[in-house]
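What follows is a set of notes on a single structure, which appears directly below.
The values are calculated or read from the model by the stated rules, or taken from the named source; none is laboratory data. Remember, predicted model here, so these are calculated numbers, not experimental data. All Cβ positions, glycine included, derive from the backbone under ideal geometry; neighbour counts span all protein chains shown.
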Amino acid sequence: MKRLKIEPSVTDFGTTNLKTFDKSFRYSNLIKSIDEAEISVKSNQTSVSIKRYLYPALGASEAYTLKFSNEIYHPSNTFWGAVSSGEFSYRDTANTLWTGCKIQDANGVAQVYRTSGQDRILVDNDVGTITYTTGKMSLVGFYPIAIGSVSTGNTTALEVSVVPSSSDVLPLREQIILIEDDDVSITMVDDAGTGTYVQGSSTTIDGTTLITGT
């Protein structure tokens with residue numbers, strides 16, 4: 001079985017160069033390029049998320065605004081899971097320090113949680129708001145203690161991602177959409193009857209992050 005390789009020309013997605021101003025990510029162009037990248041590719045199911053880098057002041061309570069500038073997927077008030085983040089250390093209301101904490105959304109409220117087995121346990125049930133229609137996250141009193149082994153300064157990035165309501169991603173004003181190699185993962189399924197799965201990541205797409213700017 002061959003590994004799918006996306007050639008550099010795919011960064012144009014048929015008609016759109018993503019590394020210039022006022023250019024949008026068009027989902028249909030991407031999946032068409034994937035289908036045409038290799039003769040063994042019969043079809044593809046591709047999902048899209050938008051990622052921002054937050055550089056919080058560690059050990060301090062601050063406010064932050066992340067503008068994803070695209071509507072966030074939120075089909076109902078009982079749905080949660082459109083927002084995710086990297087891990088960080090955080091203290092709960094009893095002043096207990098927990099590692100492996102993440103951000104989640106709960107019907108417009110940003111929360112900090114940790115996991116215990118398959119369960120999610122809230123560490124802070126309200127650290128800000130999420131406006132799904134405009135794609136804006138506002139963190140208030142966000143007080144991370146450490147990101148990984150780093151516990152001082154504000155030069156260590158915390159990745160925050162959202163699922164957009166549309167697979168087309170549109171930049172706003174001075175934003176430029178880029179794609180990072182490490183964020184592209186591919187799982188191939190052999191439909192000839194062997195049931196073989198091959199997982200990997202493309203290595204030729206250029207960029208630094210899915211979405212940057214203010």
Query - Lone unmet requirement of (1) touching a strand residue (DSSP E or B) at 6+ places or on another chain (Cβ under 6 Å); (2) over 12 Å from ILE72 (Cβ atoms); (3) not polar (S, T, N, Q) for ALA106 - result: (1)
Report task. For the stretch 78-88, state whether one or more residues are farther than 25 Å from ALA157 by Cβ and in the same structural domain as LYS136 (by TED's automatic domain parsing). Result -> yes
Requested in this report: Give just the number: which of (1) loosely packed, with under 14 Cβ neighbours inside 10 Å; (2) modelled with pLDDT of 95 or more does PRO144 not satisfy?
Outcome: (1)
Query raised in the report: Within the stretch 107-116, is there a residue that is surrounded by 12 or more Cβ atoms within 10 Å (Cβ to Cβ), part of a strand (DSSP E or B) and within 16 Å of the chain's Cα centre (by Cα)?
Result: yes
Requested in this report: Might you let me know whether the stretch 94-101 holds any residue that is assigned by TED's automatic domain parsing to the domain that holds TYR143, at pLDDT 95 or above, of a type in the set (S, T, N, Q) and surrounded by 17 or more Cβ atoms within 10 Å (Cβ to Cβ)?
Outcome: no
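Mind checking which residues of the stretch 71-106 are of a type in the set (D, E, K, R) and in a loop (DSSP other than H, G, I, E, B)? Give the steps one after another, and end with the answer.
Our first condition is that a residue be of a type in the set (D, E, K, R); within the stretch 71-106, this holds for 71, 87, 91-92, 102, 105.
Answer for the stretch 71-106, where residues must be of a type in the set (D, E, K, R) and in a loop (DSSP other than H, G, I, E, B): GLU71, GLU87, ASP92.
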